[in-house]
Amino acid sequence: MQIKLNSIEAAFWRGKKVFVTGHTGFKGSWLCLWLHALGAKVTGYALEPPHGPNMFTMCGISDLTTSIINDVRDPALVKDALDLAAPEVVIHMAAQPLVRVSYAEPVDTYSTNVMGTVNLLEAVRLSKSVKSFINVTTDKCYENKEWFWGYRESEPFGGYDPYSNSKACSELVTAAYRSSFFNIADYARHNVGIASARAGNVIGGGDWATDRLIPDCVRALLKKEKIIVRNPLSIRPWQHVLEPLSGYLTLAQRLYEAGPQYAEGWNFGPFDEDAKPVEWIVKEFCDRWGDGAEYVVEKGNHPHEANYLKLDCSKARMKLGWRPRWDLDKAIDKIIEWTHAFKDGKDMKDFTLGQIEEYCSDM
């Protein structure tokens, strides 16, 4: 199946060598499917996919990519893999991505999210092939002041918990490498565009991670159990997984074609009105699922998480021409459709490609 963003992007990606870290994860699997459909030659580098249901296995990502199972914390293995792949574009998504896990495993979180970034950027520094590099971080990298307006790319970094803080550190690493080794003023020599991308709370079919809202909802509903809600009043910028991925693809192309103009940090978040409380999401999910779906708010103390978080994406709209296509209502519907297809035993690779094609038609 050949899928087009539009005629320009399809022509750009066809035959491009792309190195994706974290390709065995939820976002990485969706991205690899999309890149494969665009005709790119993808090499993935990541740990083994998680046990149990996972997008990587059910969509046959290993058949669509050159899949390298290794750890980003090993600099020699990272460099060898990048040298072997000789990519033109690198999209770095390998991470320990969970706030609650970071409280239990802070050292692993920092070593993966910070030193993993260092190891990859060092391999890129020594590469002769890379022209475009994106480090995917998170909206949580900003110093959260519980503002009611969105954070802009110029806001200071922070991070209360080890996960959020490690991603802020990863942003600083990216900025230091850009200034020191890929300086915009010296672009004619190195010819590499280095950027970072900060997305909102990404949701979509095929996410089976622990301690994440939508996977918790899906697991409970498939077992006909009540959904347990921990932080019902926390407000997040929810967006379907294809939204930030479309931003990454657009940004990667712009970096390749005109690096100095785009070598900086970028926000890819949803419409302002799609920043909703956790309980709103769960109630909508239950109502649309039907079949007597219910939820209950779990009492007690939980590890600190931000109460209010929103991104200002004006820069991406103005400079990249990027904007969200699927609002939160549609995102929830698409997750429910995907989950029903999984429950009914459909071919999830074809079904997922169908949702990607539908999203592209809406672009």
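The values are calculated or read from the model by the stated rules, or taken from the named source; none is laboratory data. No experiment lies behind these values; they were computed from the predicted model shown. As a convention, Cβ positions derive from the backbone with ideal geometry for all residues, glycine included, and neighbour counts pool all protein chains shown.
Can you confirm whether the range 241-256 contains a residue that is over 26 Å from residue 156 (Cα atoms), within 23 Å of the chain's Cα centre (by Cα), surrounded by 23 or more Cβ atoms within 10 Å (Cβ to Cβ) and modelled with pLDDT of 95 or more?
For the range 241-256, residues over 26 Å from residue 156 (Cα atoms), within 23 Å of the chain's Cα centre (by Cα), surrounded by 23 or more Cβ atoms within 10 Å (Cβ to Cβ) and modelled with pLDDT of 95 or more: present.
Restricting the first residue to the range 32-60 and requiring it to be under 17 Å from residue 245 (Cα atoms), which pairs with a second residue that is of a type in the set (Ser, Thr, Tyr) and part of a helix (DSSP H, G or I) meet a Cβ separation below 8 Å and a spacing of at least six or different chains?
33/352; 55/29; 55/352; 56/29; 56/62
Checking residue 334 against (1) farther than 19 Å from residue 26 by Cβ; (2) buried (at least 18 other Cβ atoms within 10 Å of the Cβ): exactly one of these is not met. Which one?
So the condition that residue 334 fails would be (1).
Would you confirm whether any residue within the range 220-238 is over 18 Å from the mean Cα position of the chain (by Cα), buried (at least 19 other Cβ atoms within 10 Å of the Cβ) and within 30 Å of residue 124 (Cβ to Cβ)?
There is no residue in the range 220-238 that is over 18 Å from the mean Cα position of the chain (by Cα), buried (at least 19 other Cβ atoms within 10 Å of the Cβ) and within 30 Å of residue 124 (Cβ to Cβ).
Give 89, 78, 99, 72 a once-over and let me know the one that is in contact with a helix residue (DSSP H, G or I) (Cβ under 6 Å, 6 or more places away or on another chain) and modelled with pLDDT under 95.
99
Restrict the check to the range 84-94 and report whether at least one residue is over 24 Å from residue 139 (Cβ atoms) and either without any contact (Cβ under 8 Å) to a residue 24 or more places away in the chain or outside any loop (DSSP other than H, G, I, E, B) (or both).
For the range 84-94, residues over 24 Å from residue 139 (Cβ atoms) and either without any contact (Cβ under 8 Å) to a residue 24 or more places away in the chain or outside any loop (DSSP other than H, G, I, E, B) (or both): present.
Return the residue satisfying two criteria in turn: it lies in the range 137-164 and is part of a helix (DSSP H, G or I) and touching a helix residue (DSSP H, G or I) at 6+ places or on another chain (Cβ under 8 Å), and of such residues it is nearest to residue 200 (Cα to Cα).
140
Results for (1) farther than 24 Å from residue 208 by Cβ; (2) surrounded by 17 or more Cβ atoms within 10 Å (Cβ to Cβ), shown as yes or no for each residue.
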{"position": "13", "(1), (2)": "yes, yes"}
{"position": "16", "(1), (2)": "yes, yes"}
{"position": "33", "(1), (2)": "no, yes"}
{"position": "38", "(1), (2)": "yes, yes"}
{"position": "62", "(1), (2)": "no, no"}
{"position": "76", "(1), (2)": "yes, no"}
{"position": "85", "(1), (2)": "yes, yes"}
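Could you please find all residues in the range 145-191 being within 22 Å of the chain's Cα centre (by Cα) and of a type in the set (Val, Ile, Thr)?
Passing the criteria: 173, 174.
So which of 103, 110, 142, 151 is hydroxyl-bearing (Ser, Thr, Tyr) and in contact with a Ser or Thr (Cβ under 8 Å, 6 or more places away or on another chain)?
110
Within the range 135-170, can you find the residues that are surrounded by 15 or more Cβ atoms within 10 Å (Cβ to Cβ), touching a Gly at 6+ places or on another chain (Cβ under 7 Å) and among the charged types (D, E, K, R)?
139, 140, 153, 167
Of everything in the range 97-134, what is surrounded by fewer than 21 Cβ atoms within 10 Å (Cβ to Cβ) and hydroxyl-bearing (Ser, Thr, Tyr)? Give them in sequence order.
Within the range 97-134, 103, 110, 111, 127, 129 qualify.
Filter the range 178-194 for residues that are more than 17 Å from residue 128 (Cβ to Cβ) and surrounded by 19 or more Cβ atoms within 10 Å (Cβ to Cβ) and give the result.
Residue satisfying the conditions is 178 alone.
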